[in-house]
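In what follows, a single structure is set out as structure tokens and then discussed.
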């Protein structure tokens, strides 16, 4: 009888252990690679509005690309509060815009379907800058309502250090959802395996008492 019951017991405990490892691993991956933030202004409308919850992917400076919406913090702007803005230029890029005209990067007009009301300018501010290496030129999507790199041109051409970026807004939540699903599956497996193991152990003990 003990040999017959040993297989299910072993399977149950293996399932519980595997599920626990999967659940813990998923929690660690999500905690170390993903996050979220609440938008506190309309500077990024229509992409993100005040009050929206934005899911973020933590990245290093070397992973930043043009067009990314990044979450950053710098001590000398916005009273040190975190800000969400779009990357327009990387280190070495020449970024230019005349009053009412499109933004150009290295001489090429930038296609910006995301800007508020289709207006890439929003103000009469004109600029022509070369972004220093290791830094970023950042704009909000609502150009008429965004206090961005255009208003700090005397501070290293309005740029922000790439190392100030903490995370990037997720265009797709697929990776996050897959890890969350894996964590849930692991939790269910752990609970199911533990329950099956306890039931098997209880039956074995009851069988011994009857035999005795």
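Identify all residues within the range 121-142 that are out of contact with any strand residue (DSSP E or B) (no Cβ under 7 Å at 6 or more places or on another chain) and at pLDDT 95 or above; write none if there are none. Show your work before the answer.
Of the residues in the range 121-142, the ones out of contact with any strand residue (DSSP E or B) (no Cβ under 7 Å at 6 or more places or on another chain) are 122-125, 132-133, 142.
The answer is 132, 133, 142.
Checked against (1) in a loop (DSSP other than H, G, I, E, B); (2) without any contact (Cβ under 8 Å) to a residue 24 or more places away in the chain, residue 79 passes all but condition (1). Confirm whether residue 115 is crowded, with 19+ Cβ neighbours inside 10 Å, at negative phi, at pLDDT 95 or above and under 25 Å from the mean Cα position of the chain (by Cα). Considered against the rule, which asks whether it is crowded, with 19+ Cβ neighbours inside 10 Å, at negative phi, at pLDDT 95 or above and under 25 Å from the mean Cα position of the chain (by Cα), residue 115 comes out as yes. Among the conditions (1) farther than 16 Å from residue 160 by Cβ; (2) buried (at least 18 other Cβ atoms within 10 Å of the Cβ); (3) modelled with pLDDT of 90 or more, the only one that residue 94 does not satisfy is (2).
Looking at 5, 35, which is the one that is at pLDDT below 90 and touching a strand residue (DSSP E or B) at 6+ places or on another chain (Cβ under 6 Å)? Let's see the steps before the verdict.
Numbers: 5 fails: touching a strand residue (DSSP E or B) at 6+ places or on another chain (Cβ under 6 Å).
None of the others qualify; the one that does is 35.
Among residues that are closer than 13 Å to residue 88 by Cα, surrounded by fewer than 20 Cβ atoms within 10 Å (Cβ to Cβ), touching a strand residue (DSSP E or B) at 6+ places or on another chain (Cβ under 6 Å) and at pLDDT 65 or above, residue 160 is not included. Confirm whether residue 61 is without any contact (Cβ under 8 Å) to a residue 40 or more places away in the chain and either within 18 Å of the chain's Cα centre (by Cα) or within 20 Å of residue 153 (Cα to Cα) (or both). For residue 61, the condition - without any contact (Cβ under 8 Å) to a residue 40 or more places away in the chain and either within 18 Å of the chain's Cα centre (by Cα) or within 20 Å of residue 153 (Cα to Cα) (or both) - is not met.
The values are calculated or read from the model by the stated rules, or taken from the named source; none is laboratory data. It should be emphasised that the depicted structure is a prediction, and the values quoted were computed from it without experimental measurement. We place every Cβ from the backbone using ideal geometry, glycine too, and count neighbours over all the protein chains shown.
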